[in-house]
1. Among the residues of segment 206-238, write down those that are of a type outside the set (Gly, Ala, Ser), under 18 Å from the mean Cα position of the chain (by Cα) and part of a loop (DSSP other than H, G, I, E, B).
2. Being part of a strand (DSSP E or B), farther than 15 Å from residue 478 by Cα and touching a residue at least 60 places away in the same chain (Cβ under 8 Å): is that true of residue 382 here?
3. Evaluate the following for residue 190: is it open to solvent by 10 Å² or more (accessible area, probe 1.4 Å) and either hydrophobic (A, V, I, L, M, F, W, C) or free of Cβ contacts under 8 Å to residues at least 60 places away in the same chain (or both)?
4. Looking at segment 339-354 only, could you name the residues that are farther than 19 Å from residue 205 by Cα and open to solvent by less than 30 Å² (accessible area, probe 1.4 Å)?
5. Considering each of 514, 501, 486 in turn, give the residue that is of a type in the set (A, V, I, L, M) and either modelled with pLDDT of 95 or more or touching a strand residue (DSSP E or B) at 6+ places or on another chain (Cβ under 7 Å) (or both).
6. If residue 146 satisfies every condition in (1) over 14 Å from the mean Cα position of the chain (by Cα); (2) modelled with pLDDT under 95; (3) closer than 30 Å to residue 452 by Cα but one, which is the exception?
7. Quickly run through segment 487-529 and pick out the residues that are among the aliphatic types (A, V, I, L, M) and exposed (fewer than 12 other Cβ atoms within 10 Å of the Cβ).
8. Could you tell me whether any residue of segment 359-374 is open to solvent by less than 10 Å² (accessible area, probe 1.4 Å), assigned to a strand (DSSP E or B), touching a residue at least 12 places away in the same chain (Cβ under 8 Å) and farther than 15 Å from residue 184 by Cα?
Amino acid sequence: MAIKITIKASYKLPFFFFFLSTLFLASSSATSLINALSDHNQQCRQSFCRGVGSHHSLLRSKDHPQDAREEYFYCSQSCETSADPKQCETECRERFDEQLKKEAEEQKGQEEKGPTFNPNPYYFPKFALRPRFLAEEGAYFVLESFARLSHLLRGRIQNYRTALLQTTPGTFVLPYHLDAESIFVVWNGRGTLTLVMKDTKQSFKIENGDVIRVPAGATTYLINNHTTENLSIVQLFQPVNTPDLFEEFFPAGYKDPEPGSDYSFLHGTESYYSVFSNDLLEAAFDVPREQLEKAFGQQKREGMIIRASKEQLEALSKQASPWWRKLVPWSMGSDLNFNLLSQRPLHSNNYGKFYEAPPQEFKQLQDMNVSVAMLDINPEVMMVPHYNSKATYLMMVVDGMGYFEMACPKFTIPESEDEMEYQEEQADQQSGVYSKVSGKLSLGDVFVIPAGHPVSIVAQNNNNNNGNQNQNLRIVGFGINAGNNMRNFLAGQEGNIMKQMEREATQLTFGQEMEQILTSQKQSYFVPAPRRGSSTEKA
């Protein structure tokens, strides 16, 4: 029988409270949410966690029902304070098994009926982020496959996934590797990230604006050595095995002790050593079985993200490369990382800034042919309409609120695969007819800007009177197929391609009045947004 290397998950919920308060209720302070939850919990007969489950169900509308695995997570935690924890856990598992069976039947029914389609095929609210790991010490959320989220994105960005990782202060993310090429972008906090590859180990001090290129197969671990701030990282993955699917591989991890059980899904990370036979492991390590069992048995019984002592954090942070190396993307020792915010903004004025690292200028990004962008817009300001010549951008909101509007070739939501194929065949006959795609933006929302599609992004004030009314709209983006992409602006002074047309061409195209309209805007790139309550915002 193979040696089982396990790290038992010990999960509480304070971090999940914090994460929900920021991810799902970005407009409310964490303190307000926790107080509200505390008041709500006093009305519950069973556990702190039952209050979380009840409040969480309010966060998801009837169109976004709570996932069975998340519900089991809440239910299992509530058993800690139950009068009969064993019976409580049994009931949780029975309910979970029933929900899984129901979900399987519903999925089978959907397959027989045909696929369902997103009414907004380029906009994915935060509810599309699915938890892979949840703990008091951190959380890891992955966006569903674009191919499953939108039929219009099949083949275009199908083999890319995005994720959001957040860890609390004083924590260590256990080593793992991925079967995917990836890019990490730090948007909050500080820490140290280490990559271990063949005959090589590189450690980087990371902070807001850092971009790290993580090769497929590189064993990765990181620490959050800050005393008060969470470490937050947006990630892009390009799987190397199965298109749009990737897996984490842990040398140490947790597996539910009951054979065949399926209850450790959120906090379970099985060790890849555990599948090998005892004889093979003894030969591989050249040590007796008793020594292996003793060593593996001494591992901490916790989850993917664990607490670390101050001394351990200090020792791990000392291994990092000097901070100044990442300021110059081509300097020695910075083959895998750089700081985007230390570069000069590509487009900027007093209203906003747009930073971008294109693959033709940053060698770290060349093999993936991906650019990394960070957008920072003041409240009540818009980025004027523009389009990209060849890159498709995956954009994730990391702070603030706003909305976007985009012009797309006219489409209707198909009711079947046959109708979708028919629409694709008829697309050439509908040229020059457009639909407006728009969506409200807040923390955790993702939207896609296909190449050639004119788009405008607007930042808004927060209206929830929580003290954060002047919060900028901040977005992290990844440009797919970004080599030599050009951004063409359709308004403003600089970069406005319409102003480059000859006078006669302008008159023939638009008429006499357009020449004056094209020169009336004195700002470039970022301009004051439409007045609140205007028809533009309501559309």
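1. Hits for segment 206-238 are 208, 230.
2. Values: part of a strand (DSSP E or B): yes; farther than 15 Å from residue 478 by Cα: yes; touching a residue at least 60 places away in the same chain (Cβ under 8 Å): yes.
Answer is yes for this residue.
3. So residue 190 fits the description; yes.
4. Let us first name the residues in segment 339-354 that are farther than 19 Å from residue 205 by Cα, namely 344-354.
Within segment 339-354, 347, 352, 354 meet the criteria.
5. 486 is the lone residue from the list that is of a type in the set (A, V, I, L, M) and either modelled with pLDDT of 95 or more or touching a strand residue (DSSP E or B) at 6+ places or on another chain (Cβ under 7 Å) (or both).
6. Of the numbered conditions (1) over 14 Å from the mean Cα position of the chain (by Cα); (2) modelled with pLDDT under 95; (3) closer than 30 Å to residue 452 by Cα, the odd one out for residue 146 is (1).
7. First pass over segment 487-529, keeping only residues among the aliphatic types (A, V, I, L, M): 490-491, 497-498, 501, 505, 508, 514, 517-518, 527, 529.
Passing the criteria: 505, 508.
8. no
The values are calculated or read from the model by the stated rules, or taken from the named source; none is laboratory data. In this text, all values refer to a predicted model and were calculated from it rather than measured experimentally. Glycine also receives a Cβ, built like all others from the backbone with ideal geometry; neighbour counts cover every protein chain displayed. We work out accessible area using only protein heavy atoms, side chains counted, and drop any ligands, DNA or RNA first. Shrake-Rupley method; radii C 1.70, N 1.55, O 1.52, S 1.80 Å.
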